Amino acid sequence: MTTASFESFMSLPIKVGIVGTGYAAKVRAEALQADSRSQLVTVAGHTPEKAAAFSQTYSAEVSNSWMELVQREDLDLIIISTVNRDHGAIARAALHADKHVIVEYPLSLDYVEATELIELAQAKSKLLHVEHIELLSGIHQAVLNALPQIGSVFYIRYANLNQQRPAPQKWTYQPELFGFPLIGALSRIHRLIDLFGQVNSVSCSARFWDDTDSPDRYTTCLCTAQLQFTNGTMSDLTYGKGEALWKSERSLEIHGEKGALLLDGDQGTLVRLDTTSPLEVGSRRGLFAKDTAAVLDHLILGSSLYVTSAASLYALKVADAAQRSAKTGQIIYLS
C-alpha cells in the first residue's frame, strides 16, 4: 500500500471515532482536540454511563456500541483503545467499513487473526497502525543511541514487576480480556526486537495466582522468558504484576563486549572499562500525542511512521511462541 492510495480523499479535518473511555482513550482525545487537522466526532464505551461522561468532557457524540460506531459514514479514522480481546474484531469491522485504524497493541490476541488483518488492510488500501509508543520513549532512544559504545551485545536482562496489593479489580487481571501476559504486554518483547533483531528460539514459564472470589481473574501473574536472538544475543525477560510480588522493578541491563547500559526506572548509566557516566534519558510524557500526530502526518502529508504493522506482527509471533512454550514446557524455534 502506498500513501498516495489514500491521500486523494483525505479532507480536513480528519473525522475520528474512539472505541474506549480509559486512560489511552482520554489522552488520544486530548491529542485530537489539540490538533486542528482532526476532529473527535463520536465515542463508544463499555457502559453508557462512561461513554456519556467521556463524550461530555470531549464534546463528542455517543455511539451505542462499537458496531454502530464503525459503520458511521462520516468517520475517516477509528481509534481502538479498549480491552485487548476485542481489538481484532473491531479492527476487522472498521477495515471492512473502509476506515483507517489506530489500535493500541496488541493488534489481536491471536497471531493468525493479526496476520489476516494486515492482509485485509493492504487489500483495502487502508492504514492499520499498531501503537508502540515504547519506541518513542526517551529511554528507548537513549539506549538506541548508546548501543554502539558498548560493542557487541551478548546478554540482556529486562524486568518489569509491578507490586499491587490488593490486586486491582481491572480487566488487565482477567486472562480472557488481557490475554497471555507477554501478548497483552507486547511492548516488552517489541522493544527488545527493535534493538536486537529477529529471534531464533523462545523458552517461557508462567504462573498465575487465582482469585478465589472471582474465577475469571487472577491476583498475580509472573512470566519469565528466555529469548535467543539470531545474532547470538541471549535475553532474560521477566514480567509480573499483582499482590504476591513484594517489590516493583523496572530495569534493563544490556551487556556488551566493551561495556554495559544499566537502566533502573528513569535513571540510566553507561559503564565502560575506565569510566561510568550517566545516560541522559528523556521524558515518557506525551507519547500518545506524538503517536497521534505521527498518524495524522502520515495520512495528510505521506510522512513515514516510526513503526510498521509488520514489525508489531513479528513481535506478536514471538509472544505467541512464548505462550506455546509456557503451555507445553518446550523450547519453541522460530523459522
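The values are calculated or read from the model by the stated rules, or taken from the named source; none is laboratory data. It should be emphasised that the depicted structure is a prediction, and the values quoted were computed from it without experimental measurement. Glycine also receives a Cβ, built like all others from the backbone with ideal geometry; neighbour counts cover every protein chain displayed. The accessibility values were calculated without ligands, DNA or RNA, using every heavy atom of the protein model including side chains. Shrake-Rupley method; radii C 1.70, N 1.55, O 1.52, S 1.80 Å.
In the stretch 189-275, the portion of solvent-accessible area held by carbon and sulfur atoms comes to 47 percent [1.4 Å probe, whole percent, DNA, RNA and ligands not counted]. Cross-link check: pairs LYS258/LYS317; LYS50/LYS126; LYS26/LYS290; LYS15/LYS124; LYS15/LYS290 evaluated at a Cα-Cα cut-off of 25 Å; pairs beyond the cut-off: LYS258/LYS317; LYS50/LYS126. Placing R0 at 41 angstrom, the Cβ-Cβ distance between THR238 and GLN122 gives a FRET efficiency of 0.70 after rounding to 0.05. When all protein chains stay in place and ligands, DNA and RNA are ignored, the 1.4 Å accessible-area order of TYR218, TYR23, TYR314, TYR111, largest first, is TYR23, TYR111, TYR314, TYR218. Can you tell me how the stretch 79-129 classifies by the Cα gyration tensor, rounded, prolate or oblate, using a/c under 1.5 as the rounded cut? Because a/c hits 1.5 or more and a/b fails to exceed b/c, the stretch 79-129 counts as oblate. Once the mean 1/r over all distinct Cα pairs of the stretch 122-196 is inverted, what Kirkwood radius in angstroms do you read off? Value: 15.5 Å, from the Cα pair sum. Here's the picture: a label point sits 7 Å out from the Cα of ASP274 along the beta-carbon direction, and within the stretch 222-264 the residues with their amide nitrogen under 19 Å of it are 257-260.
Once every DSSP H run of n ≥ 4 in the chain is given -39500 (n - 2.57) and the sum is divided by its residues, what mean residue ellipticity at 222 nm do you get, rounded to the nearest 500 deg cm²/dmol? My calculation for the chain gives -10500 deg cm²/dmol from helical runs alone. Against the longest principal axis of the chain, how steep is helix 187-196, in degrees 0 to 90 to the nearest 10, with axes from Cα atoms? Value to nearest ten degrees: 60. Surface composition of the stretch 30-105: carbon plus sulfur atoms hold 46% of the accessible area, using a 1.4 angstrom probe and ignoring ligands, DNA and RNA.
Just want to confirm a number: the relative contact order over the stretch 180-271, from Cα pairs under 8 angstrom separated by 6+ residues, in percent. Contact order relative to length: 19 percent. Protein heavy-atom surface of the stretch 106-165, 1.4 angstrom probe: 51% of the accessible area is carbon and sulfur, with nucleic acids and ligands not counted.
Working from label points 7 Å from Cα in the Cα-to-Cβ sense, the SER201 to SER303 distance is 4.3 nm.
Annotation: amide H of ILE79 within the under-5 Å range of GLY17, ILE18, VAL19, ILE102, sequence separation 5 or more or interchain, hydrogens built in the peptide plane.
With respect to the chain, whose longest principal axis is taken over its alpha-carbon atoms, helix 111-124 is tilted by about 40°. Remark: relative contact order (the stretch 50-201) = 21 percent; criterion is Cα-Cα distance under 8 angstrom and separation of 6 or more residues. Axis angle, to the nearest 10 degrees, between helix 87-96 and the longest C-alpha principal axis of the chain: 40 degrees. Backbone phi angles across the stretch 255-264, fed through the Karplus curve with coefficients 6.51, -1.76 and 1.60 (θ = phi - 60°), yield HN-Hα couplings of 9, x, 5, 10, x, 8, 10, 10, 10, 10 Hz in residue order; Gly and Pro are listed as x. Across the chain, Cα pairs under 8 Å and at least six residues apart give a relative contact order of 19 percent. Across the stretch 39-56, rounded Karplus estimates of 3J(HN,Hα) from the backbone phi angles (6.51 cos²θ - 1.76 cosθ + 1.60, θ = phi - 60°) give 9, 6, 9, 8, 9, 10, x, 5, 10, x, 5, 5, 5, 5, 5, 5, 5, 5 Hz, Gly and Pro being marked x. Accessible surface calculations at 1.4 Å, restricted to protein heavy atoms, place the stretch 1-138 at 42 Å² per residue. I need the shape label for the stretch 213-335. Rule: rounded when a/c is under 1.5, else prolate if a/b > b/c, else oblate, with a, b, c from the alpha carbon gyration tensor. Rounded, because the longest to shortest axis ratio a/c is under 1.5. Accessible area ranking (1.4 Å probe, heavy atoms, ligands and nucleic acids excluded), largest first, for ASP274, ASP266: ASP274, ASP266.
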